[in-house]
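Novice: Sending over a structure as structure tokens; questions will come in a sec.
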Amino acid sequence: MCLAIPGKIQSIDYVYNGMVKMAKISFGGIIKEASLEMLPTADVGDYVLVHVGVAISKVNEEEAAKTFEYLKEIGEIDELIEHTQVDKN
Amino acid sequence: MKYLSEYRDASVVNQYLEELDKITTRPWTIMEICGGQTHSLVKNGIIGLLPKHITMVHGPGCPVCVTPLHLIDKAVYLAEEKNVILCSYGDMLRVPGSKKSLLEAKANGADVRILYSPLEAVTLAKNNPDKQVVFFAVGFETTAPANALSVLHAQRENLKNYSILTSHVLVPPAMEALVNDDTNIVQGFLAAGHVCTIMGISEYYPIVELNKLPIVITGFEPVDLMQGIVMLIKQLENGEYKLENQYSRVVNSEGNKEAVNIINQVFEVCNRVWRGIGEIPKSGYEVKKELALYDANKKFNIQIDEAQECQDCIAGEILRGIKKPNQCPQFGKKCTPINPLGAPMVSSEGACAAYYHFTNVE
Ligand code: SF4
């Protein structure tokens with residue numbers, strides 16, 4: 001649970017009267033929501049590390065791809081997919 | 001992927017292994033702090049490939065593993081209250097409490113849910129106004145901003161039915177406690193990269209200076225870990241002690257100011273009991289007094305006795321690095337991931353589970 005997963009920002013919505021940026025982020029095709037409150041300068045197309053629903057730092061595309069591939073190898077991405085399904089009920 | 005040979009950057013790791021062989025002249029004992037790093041080292045078989053002179057001890061860096069038994073019992077108690085939806089991260093559900101785990105409470109009918117993010121718990125509270133939603137908020141500094149943010153979101157939504165049961169722990173005070181313990185054998189640390197992504201690196205300078213002990217902030221992939229180990233051993237062999245940052249592509253020295261700001265709005269530093277280690281001063285976060293409405297510990301009158309730890313489990317010695325999982329008499333016998341006696345066998349970041357799944361490790 002301690003790892004942060006890299007993904008690409010697809011779109012940004014403003015919530016709480018425009019105070020808070022929430023992003024749709026693609027993790028190798030799996031879309032999840034994450035808060036951008038800790039990365040106010042992050043924009044659509046940026047790669048970010050996301051930890052439990054919050055983007056914590058920007059990374060470059062190459063780093064994102066490399067880390068994502070490693071997390072996939074060690075099964076962390078499966079966990080993300082599994083929890084995505086659990087969330088729905 | 002089980003072994004290094006299957007890892008795409010195996011040749012780079014091998015180069016570092018060769019370098020390590022060349023530079024290591026004496027025995028050294030070093031500790032990786034983060035459970036994600038333990039998992040990676042064991043899973044890729046790196047531990048077995050290191051020069052004989054280098055002993056890696058596995059630190060207490062698994063939040064699930066250091067959450068006290070008493071708090072797990074509290075979570076189970078709350079889950080069994082009629083009006084409560086208790087949610088947490090997946091691993092937390094399987095940790096045995098003194099009588100049962102959250103998963104067992106769920107099987108008996110309690111409303112217990114696994115969530116990916118505490119922010120989802122706030123949505124759950126909004127959609128279930130007649131229920132109390134409690135998020136069991138465990139974690140290190142990396143997870144603290146998200147847990148804190150859930151409180152701020154609940155506040156913005158004006159929700160009266162959301163609270164968190166916190167078991168937040170802080171890494172630098174634990175490192176200090178470990179080196180100051182009489183039984184300490186650790187000569188250098190690989191510090192946890194993602195913790196520093198949030199907090200920056202300044203807290204580590206005093207630990208380096210006071211204890212004359214090198215620290216390398218390190219990522220969690222095999223190449224990162226190998227590079228971190230080489231940097232640390234170089235310092236030790238040269239009689240140096242410095243703070244170095246192997247993971248600078250992700251960690252900048254200031255950390256994430258917005259995240260720290262959000263933490264400070266919601267949490268204050270407190271003394272914290274670490275399971276298996278005991279109380280460490282100023283080593284945790286609790287919800288600030290003025291936000292007591294969001295603090296499950298204050299909001300609910302939870303009256304349960306302090307339970308005894310399972311006598312068969314030596315997790316305390318494992319978490320302090322004194323013993324390896326396979327030195328535990330119960331390891332793989334009475335204690336397995338399906339039927340864990342202690343928390344380090346539950347989480348994939350726990351040392352016992354890592355050894356169980358991936359050992360051909362001595
Ligand atoms: S193997 Fe099981 S019983 Fe032994 S220390 Fe680890 S968790 Fe405890």
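The values are calculated or read from the model by the stated rules, or taken from the named source; none is laboratory data. Owing to the predicted nature of the structure, the values given are computational and were not obtained by experimental measurement. With ideal geometry, Cβ positions are generated from the backbone for all residues, glycine too; neighbour counts draw on all protein chains shown. Just so you know, the surface numbers come from the protein's heavy atoms only, side chains and all, with ligands and any DNA or RNA stripped out. Shrake-Rupley method; radii C 1.70, N 1.55, O 1.52, S 1.80 Å.
Novice: How far is it, in nm, from the label point at B:Q265 to the one at A:D78 when both lie 7 Å from their Cα along the line to the Cβ?
Specialist: 3.8
Novice: Sequence neighbours fewer than 8 away in the same chain don't count; with that in mind, list the lysines whose C-alpha is under 19 Å from B:K257.
Specialist: Straight-distance partners of B:K257: A:K21, A:K58.
Novice: Given a 10 angstrom Cα cut-off, can you work out which residue in A:Y16, A:Y47, A:Y70 is the most mobile in a GNM of chain A?
Specialist: Comparing A:Y16, A:Y47, A:Y70 in the GNM, the peak value goes to A:Y16.
Novice: For chain B, with only Lys/Arg (+1) and Asp/Glu (-1) charged at the beta-carbon, what is the dipole magnitude about the Cα centre, in debye rounded to 20?
Specialist: It comes to approximately 640 debye.
Novice: Once every DSSP H run of n ≥ 4 in chain B is given -39500 (n - 2.57) and the sum is divided by its residues, what mean residue ellipticity at 222 nm do you get, rounded to the nearest 500 deg cm²/dmol?
Specialist: On the way: 16 runs with 139 residues, N = 362.
Counting only the DSSP helices, I get -10500 deg cm²/dmol.
Novice: Return the distance in nm (one decimal) between the two label points of a simple spin-label model at B:D130 and B:K99, each offset 7 Å from Cα along Cα→Cβ.
Specialist: If labels sit at B:D130 and B:K99, their model points lie 2.7 nm apart.
Novice: If you don't mind, there's one more thing I want to ask. For helix A:76-87, report the angle its Cα long axis makes with the longest principal axis of the Cα atoms of chain A; keep it between 0 and 90° and round to the nearest 10°.
Specialist: 60
Novice: Only four residue types carry charge here, +1 at the Cβ of Lys and Arg and -1 at the Cβ of Asp and Glu. Report the dipole size of the protein assembly as shown about the Cα centre in Debye, rounded to the nearest 20. Don't skip to the end; give the middle numbers.
Specialist: Numbers: 42 positive and 55 negative charges, 148 e Å.
In total the dipole reaches around 720 debye.
Novice: Right, another one. With n ≥ 4 as the cut-off for DSSP H runs, can you work out [θ] at 222 nm for chain A, using -39500 (n - 2.57) per run divided by the number of residues, rounded to the nearest 500?
Specialist: Details: 2 runs with 25 residues, N = 89.
My calculation for chain A gives -9000 deg cm²/dmol from helical runs alone.
Novice: Using a 1.4 Å probe over the heavy atoms of the protein chains, calculate the carbon and sulfur portion of the accessible area of segment B:315-358 as a whole percent.
Specialist: 54
Novice: Let me make sure I get this right: for segment B:93-167, a, b and c are the square roots of the gyration tensor eigenvalues over alpha carbons, sorted descending. Under 1.5 in a/c it's rounded, otherwise prolate if a/b > b/c, else oblate. Which is it?
Specialist: Values: a/c = 2.51, a/b = 1.33, b/c = 1.88.
Oblate, because a/c is 1.5 or more while a/b does not exceed b/c.
Novice: Something else: Give me log10 I(q)/I(0) at q = 0.09, 0.14 Å⁻¹ for the protein assembly as shown, Debye formula, one equal scatterer per alpha-carbon, no solvent.
Specialist: -0.54, -1.41
Novice: Moving on to the next point. If each residue of separation counts as 0.36 nm, what is the full-extension length gain between A:Y16 and A:E63 once their alpha-carbon separation is subtracted? Working shown, then result.
Specialist: Details: separation 47, 0.36 × 47 = 16.92 nm, distance 3.23 nm.
Additional length available on full extension: 13.7 nm.
Novice: Going by the alpha-carbon gyration tensor, a ≥ b ≥ c the square roots of its eigenvalues, is segment A:5-88 rounded (a/c under 1.5) or, if a/c is not under 1.5, prolate (a/b greater than b/c) versus oblate? Could the numbers behind the result be given before it?
Specialist: Numbers: a/c = 2.32, a/b = 1.36, b/c = 1.71.
Note, shape of segment A:5-88 comes out oblate.
Novice: Can you count the Lys pairs in segment B:1-130 whose Cα atoms are under 13 Å apart, with each pair 8 or more apart or on different chains?
Specialist: Values: B:K2/B:K43; B:K22/B:K52; B:K74/B:K99; B:K74/B:K100; B:K82/B:K106.
Pairs that pass both the separation and distance tests number 5.
Novice: Beyond 33 Å, what share of the Cα-Cα pairs of chain B is found? Please give it as a whole percent.
Specialist: For chain B, the fraction of Cα-Cα distances above 33 Å is 29 percent.
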